[in-house]
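The values are calculated or read from the model by the stated rules, or taken from the named source; none is laboratory data. Note that the coordinates shown come from a computational prediction; the quantities given were computed from them, not determined experimentally. Positions of Cβ are backbone-derived with ideal geometry, glycine not excepted, and every protein chain shown enters the neighbour counts.
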Amino acid sequence: MRHKKGNDINGWLVIDKQVGMGSTTVVNMTRHLFEAKKNGHTGTLDPFASGVLPIAFGEACKLIPYVTDGDKEYEFVLKFGAETDTLDLTGKIVSQGAKIPTDDEIKAVLPLFLGEIEQIPPKFSAIKINGERAYDLAREGKDVEMPKRIVTIYKLEFLGRIGESEAKFRVVCSKGTYVRTLGADLAKKLGSKGYLTELRRTKCGKFGIDDTILLENLKNMEYVQERKKFLRPLLTCLCDITVIAVREEDAAKLRQGQAVSPKHYEVENIIGGEAAAVSGDELVAIVRVEKTRISPIRVFNN
């Protein structure tokens, strides 16, 4: 993420990633377009998928966990009647001929997937098995046992039919959810087989489609200063966190990693929790609030 050459740029850029492009490619291209020293993405979005990909620049990289740990929202198209080895249209068909469920049958099983569910990630995924990526082992033809995981599905909606054999869905889910696996499991529950033909992330943490810009539009801008207008402040990803406006002397102490007294601030309702300490319009630190002290967890140097 860090390069010796480049400028110190801090903030968030939310890209609407297009199909066929990898997340790392987007990081490299945006670093070049902004002539930045450091940036990084908030979790891989497969080349097959499109949609919201937040890119952190500079000090925003310290906040990446607050985005990756957040809930996600996707829209996906599931094709019934066959299954591929990747569980999406980029793979090879490994079985077919299964039945095509009706709309009523689809709607009837959706509640079974709400709440905490168990998933087995696809073999073509970035999970590491004994230090190696699962997709590398799968491409080598090695049979690996994928670890089960518990994820949470908050909402699963049937959006309608696309032709005879495809249906569109929207899902709101916890981090770590594999939508390709969700689609295949949904098809199996219906006595069918299925794989995804489209996958679009519409929300990642606090960032949604309305916050995005196309990479192509950035490339068409002549000057870096023009592109910088689309950078969002560090605090953008922390909408649900309490904000404490700290005095200048306390801001200086926090930046040096020192704790400050809470007696000048109204923090009674957040004792034992985290907050964002700000000075003016700048984020100073993510802090832990206790009865006798406010201690910095992550410090920012804008």
What pairs can you find where one residue is in segment 176-193 and in the same structural domain as residue 81 (by TED's automatic domain parsing) and closer than 11 Å to residue 78 by Cα, the other is surrounded by 22 or more Cβ atoms within 10 Å (Cβ to Cβ) and acidic (Asp, Glu), and their Cβ atoms are less than 6 Å apart, with a gap of 6+ or different chains? 180/88; 193/83
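Residues checked against (1) in a helix (DSSP H, G or I); (2) at negative phi; (3) touching a helix residue (DSSP H, G or I) at 6+ places or on another chain (Cβ under 7 Å):
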residue	(1), (2), (3)
21	no, yes, no
44	no, yes, yes
64	yes, yes, no
78	no, yes, yes
90	no, yes, no
Which of (1) farther than 29 Å from residue 55 by Cα; (2) surrounded by 13 or more Cβ atoms within 10 Å (Cβ to Cβ) does residue 272 not meet, given it meets every other one? (2)
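Among the residues of segment 241-289, count how many are assigned to a loop (DSSP other than H, G, I, E, B) and either without any contact (Cβ under 8 Å) to a residue 24 or more places away in the chain or over 27 Å from residue 70 (Cα atoms) (or both). Quick ask: steps written out before the conclusion?
Within segment 241-289, the subset assigned to a loop (DSSP other than H, G, I, E, B) is 241, 246-247, 256-259, 261-267, 271-273, 280-281.
Still in the running and either without any contact (Cβ under 8 Å) to a residue 24 or more places away in the chain or over 27 Å from residue 70 (Cα atoms) (or both): 247, 256, 258-259, 261-266, 271-272, 280.
Number satisfying all stated conditions: 13.
Of all residues in segment 201-236, which are more than 26 Å from residue 70 (Cα to Cα), of a type in the set (A, V, I, L, M, F, W, C) and assigned to a helix (DSSP H, G or I)? Spell out how you get there, then give the answer.
Quick first cut of segment 201-236, residues more than 26 Å from residue 70 (Cα to Cα) only: 216-227.
Now restrict to residues that are of a type in the set (A, V, I, L, M, F, W, C): 218, 221, 224.
Hits for segment 201-236 are 218, 224.
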Identify the single condition in (1) surrounded by fewer than 19 Cβ atoms within 10 Å (Cβ to Cβ); (2) at negative phi; (3) not assigned by TED's automatic domain parsing to the domain that holds residue 170 that residue 82 does not satisfy, given that it satisfies every other one. (3)
